[in-house]
Every structure is written in structure tokens, then in C-alpha cells.
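Written below as C-alpha cells is the structure these notes are about.
The values are calculated or read from the model by the stated rules, or taken from the named source; none is laboratory data. Keep in mind it's a predicted model, so treat the numbers as computed, not measured. Cβ: placed from backbone, ideal geometry, glycine included. Neighbour counts: every protein chain shown. We work out accessible area using only protein heavy atoms, side chains counted, and drop any ligands, DNA or RNA first. Shrake-Rupley method; radii C 1.70, N 1.55, O 1.52, S 1.80 Å.
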Amino acid sequence: MKNLNRRKFLFSAISSPFVAGGYACGIERNWLRTKDVVVNRNGTRIAHFTDTHHQGNKRLFRKVIERIHAARCAFAVFTGDLIDSHDERYLEEALELISSIDIPVFGVPGNHDMMDVGSTRRYKEAFQSTGGDWIYDEAVNFAGFDLYGTTTQQVPVRRMRGQNKALLLTHYPATCDNESESVFDLILAGHSHGGQIRMPVLGPLILPYGVGAYDKGLFDTALGKLHVSSGVGYFLIPARFMCPPELCVVTV
């Protein structure tokens, strides 16, 4: 029924620019979906969320957390842009919400995250309070996985050889266009917002730098399978169209 209602809204929105504006700003940007991504059917379930761009919408953020808890994943990963601007109030709220997640959360920074020493320490404390970590150009081991985190578009460290599955967490999908000796079981990224505003046939109208050819979804790259999430929040325009916020449940 929800999918039918969403299709009706989309049909009406495409038919009228006035309806489209109201739908994109008032409905779809808060219409969180849970997306299943299967890389290995017999694998481990991981929750992936990204680009919350928190600006005070606690209701949407809490909905993401509720979905994470309901998905019963082994752990969660976050691939950058926790906040939208360097507003202390929103950073404090976002870190408190991260701390409330009841499974380990591993995260990497995006281009909007605060990177000074004091802020980095606070991010790290919040993520570590869940049993996870805030990863800066390094690798950590957890539950049979080697989790590699990068703060840039470069692969920071060479993959360790062993039986663990290797996951690369990056904010920027175009990281996969860079040469590396490492090949990963899966790369998870955000940053693109899926275009945020997408049109039939045309696809995403605007994409930021660092996305390359990977706007959203699953791709084969030289570094391994890449999944790009369209994220949770928005940037610049308080709207989403044909690109709802999402929590991804990845089986790898």
C-alpha cells in the first residue's frame, strides 16, 4: 500500500510543477526507505547509512536508528557528512543520536564533517561508545571483517592478507577510480545523495565532485564491488525527488 501511494504521489508530482515542489520539499525528503543490497546471500548483514547532514531533524534521524535496530545487523557503518554546517548545537545532537545506536557503528568523515583535533576526539568517543570506531586512514578488525577507512579519495593502506572479509569505507565513490594494489570484498560510499533530484530518463540533475560515474546503486570497479547510498539528508535544497532518503541493509 505504501509503494502504491508513493507511485500515486510521483505520478501527480511529475504531472504538475507545483505538486512536484510540494511533494519534494514536504513529503519525499522525510520518506525513509529501507533498501536491501545482497552481495553474498550467505553473508553477514550490515547496516549502511550516510550523509545525514543533520540540521535538527531528530525525527528522521531517530527513524534511521529505529530501522537499524529492527534490521538486526552485526554492525553498522556510516560514510560521512554527519552534519551540514559547523554548528555546535547540531553536532552535539548528532553525536548523541549516534551514541544511542545499540550495535557497533564504524564511521569515516565526509567533506562537511569537522576535522579539527577537538572535534575528531568527540566523533571518536561517540562512535566508540557504540562498540565501533571513527576511522582515519587506517584499518580495524571486527567480527571477521577488516574495515578500512579513508578520509580522502585515495586508498590509505594496503589490504591485509588473511581470511577476513575486507570492506573499504569512503565518502567519495570516485575513490574507486584510483589505482591500488588492493581489491576489496565491498566498498561502501555516499556523498552523491543519489543526485537528490532525479528526473525520468535524465537521471540525476546535479552531482558533486568526487562521485565520478557512480551516482547510486551497485557497481563493479577495479577495486571490487561498490555500493553508493543516496543517503539520508539533503544539501543546499531542502528537497528530494525520485530519490528518497534510505537506510541500506547490506548482506556481504
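Computed quantities for the displayed model
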quantity: Peptides 48-55, 173-180 ordered by average Cβ neighbours within 10 Å, highest first; calculated: 48-55, 173-180
quantity: On Cα atoms only, tilt of 88-99 relative to the major axis of the chain in degrees; calculated: 70 degrees
quantity: Gain upon complete extension [Lys35, Arg158; 0.36 nm per residue less C-alpha separation]; calculated: 41.3 nm
quantity: The chain, accessible surface, carbon-and-sulfur percent (1.4 angstrom probe); calculated: 53 percent
quantity: Of Gly144, Gln163, Ala189, farthest towards positive along the dipole that unit charges on Lys, Arg, Asp, Glu beta carbons give the range 142-252; calculated: Gly144
quantity: Average accessible surface area per residue within the chain, 1.4 Å rolling probe, Å²; calculated: 45 Å²
quantity: C-alpha long axis of helix 117-128 to longest principal axis of the chain, angle in °; calculated: 90 degrees
quantity: Set Lys124/Lys165; Lys63/Lys225; Lys63/Lys165 screened for pairs whose C-alpha atoms are more than 25 Å apart; calculated: Lys63/Lys225; Lys63/Lys165
quantity: DSSP loop trypsin sites (Lys or Arg not before Pro) with at most 16 other Cβ within 10 Å: longest gap in the chain; calculated: 162-252
quantity: On Cα atoms only, tilt of 2-15 relative to the major axis of the chain in degrees; calculated: 60 degrees
